[in-house]
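One structure below.
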Amino acid sequence: MQTIFIVGAGTMGSGIAQVAAQSGFSVRLYDISTQQLERARATISANLDRLVKKEKLTAADKDATLARIATATQLDGVASADLVIEAASENEALKLELFAKLDALAKPEAILASNTSSISITKIAAATKNPARVIGMHFFNPVPVMALIELIRGLQTSDETYQKAEAIAKALGKTPVAVKNSPGFVVNRLLCPMINEAIFALQEGLASAEGIDEAMKLGCNHPIGPLALADLIGLDVELAVMQVLYEGFKDPKFRPAPLLVEMVEAGRLGRKTGEGFYRYDR
Ligand SMILES: NC(=O)c1ccc[n+]([C@@H]2O[C@H](COP(=O)([O-])OP(=O)(O)OC[C@H]3O[C@@H](n4cnc5c(N)ncnc54)[C@H](O)[C@@H]3O)[C@@H](O)[C@H]2O)c1
């Protein structure tokens, strides 16, 4: 495995590109937007500069890492890739269309992975002619910092594909955890209902936002309270995950808190809009 083709140069795609290049892989980062590609390169360069400043990376290593990342606005480079990681926008129709194209362009032994947070890997695999080579590689944000990759097997994913993906996850310096294809996988299945319950607690006046967060930090040793975390993740993203869980399991225990829905309606999405459960200077 030497060449990784990454589809989508947003938050996740740029982070995956950085980690892959730092781990010695040759990376081709593709996006339909040249602006996003330029932004990704600038972000990666700034991240590497910080590592140089902290003496965790030499200036020569930084240059070598950046030199391993080529950007592209065409899909044709897929043919030379050993692994494709799709990190384009979270849109099912888009991903199904992309995987049909990637499957037609990639060499037969290449693996096709999706970083989707919520779309069924089985469904994505079914959009290809060779579904056994499709797998979920779910990275966490920020990718250079977070150690986990959930490795999600669709019904069709072969053992060989899983083993290859597991080896790559380790080569990227990450810790893979095997997860079945199911709404929210493991982390979002547990984390998002906890945040949702914190919003119910706030709505019921059980405690103030600061009180709820302080209680979970001091009582459970969480590094950040659930409401501050919701602001960080984005309330729209939290709501979308709860809707995926609610629809996926048809179980009322996953119903989104009405206050969460209302906050999203008001455009109070957290840090990215300057206001969520807390206010932020922008
Ligand atoms: N942000 C997170 O915390 C997080 C965590 C884990 C997984 N994910 C998943 O990763 C994926 C990407 O999320 P993100 O937060 O990086 O989104 P983002 O909006 O930051 O980036 C998405 C990128 O995809 C590009 N794009 C759209 N259509 C494309 C196409 N047809 N071909 C190539 N590129 C295309 C956009 O131009 C954009 O640059 C989603 O599936 C999301 O669910 C996100």
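Residues of the chain: accessible area per residue at 1.4 Å, in Å²?
Result: 49 Å² per residue.
For a bin width of 10 Å, list the pair-distance distribution of the chain built from all Cα-Cα distances, rounded to whole %.
Bins of 10 Å from zero give 7, 26, 32, 24, 10, 1 percent of pairs.
Identify which of ALA169, ALA207, ALA230 has the largest mean-square fluctuation in a Gaussian network model of the chain, with springs joining Cα atoms closer than 10 Å.
ALA207
Using 7 Å Cα-to-Cβ label points, what is the THR58/ASN141 separation (nm, one decimal)?
Reported label-point gap for THR58 and ASN141 is 3.5 nm.
On a full-extension model of 0.36 nm per residue, what is the gain between GLU265 and ASN91, subtracting their alpha-carbon distance, rounded to one decimal in nm?
60.6 nm
In the structure shown, do any of LYS123/LYS170; LYS180/LYS217; LYS123/LYS250; LYS95/LYS123 have a Cα-Cα gap over 21 Å, and if so which?
Pairs exceeding the cut-off: LYS123/LYS170; LYS180/LYS217.
For the range 189-273, what is the convex hull volume of the alpha-carbon atoms per residue, in Å³? Write out the running numbers ahead of the final one.
On the way: hull volume 7.6 nm³, N = 85.
With only Cα atoms used, the range 189-273 gives 89 Å³ per residue.
What percent antiparallel are the DSSP beta bridges of the chain, to the nearest 5?
About 20 percent, rounded to the nearest 5.
Which percent, to the nearest 5, of DSSP beta bridges fully inside the range 1-138 are antiparallel?
In the range 1-138, approximately 0 percent of DSSP beta bridges are antiparallel ones.
When the helices in the chain are scored as -39500 (n - 2.57) per DSSP H run of 4 or longer and the sum is shared across all residues, what 222 nm value do you end up with, to the nearest 500 deg cm²/dmol?
On the way: 11 runs with 134 residues, N = 282.
Theoretical 222 nm ellipticity from helices: -15000 deg cm²/dmol.
Please give every one of the lysines within straight-line cross-link reach of LYS174, meaning a C-alpha to C-alpha distance under 24 Å, and leave out same-chain neighbours fewer than 8 residues apart.
LYS174 reaches LYS53, LYS54, LYS56, LYS62, LYS164.
Quick one: grab Rg to one decimal and Dmax as a whole number for the range 17-157, Cα atoms only, in Å.
Computed over the Cα atoms of the range 17-157, radius of gyration and Dmax are 15.7, 47 Å.
Could you work out how much longer the chain between THR43 and LYS129 gets when fully extended? Use 0.36 nm per residue separation minus the Cα distance between them, nm to one decimal.
27.4 nm
For the range 1-75, just run the numbers: alpha carbon Rg, then divide by 2.2 N^0.38 Å, N being how many residues it has.
1.03
Give me the percent of the accessible area of the chain that comes from carbon and sulfur atoms, probe 1.4 Å, all protein chains in place.
Details: 7340 of 13790 Å².
So the carbon and sulfur contribution to the accessible surface is 53 percent.
Work out the length of the dipole vector of the chain about its Cα centre, built from +1 on the beta-carbon of each Lys and Arg and -1 on the beta-carbon of each Asp and Glu, and round it to the nearest 20 debye. Each step should come with its number before you reach the end.
Details: 30 positive and 32 negative charges, 124 e Å.
So the magnitude is around 600 debye.
The values are calculated or read from the model by the stated rules, or taken from the named source; none is laboratory data. Bear in mind the structure is a predicted one, so any value in this text is a computation, not a measurement. Cβ atoms come from the backbone with ideal geometry, glycine included; neighbour counts cover every protein chain shown. Accessible surface is based on the protein model in full, side chains and every heavy atom, while ligands, DNA and RNA are left aside. Shrake-Rupley method; radii C 1.70, N 1.55, O 1.52, S 1.80 Å.
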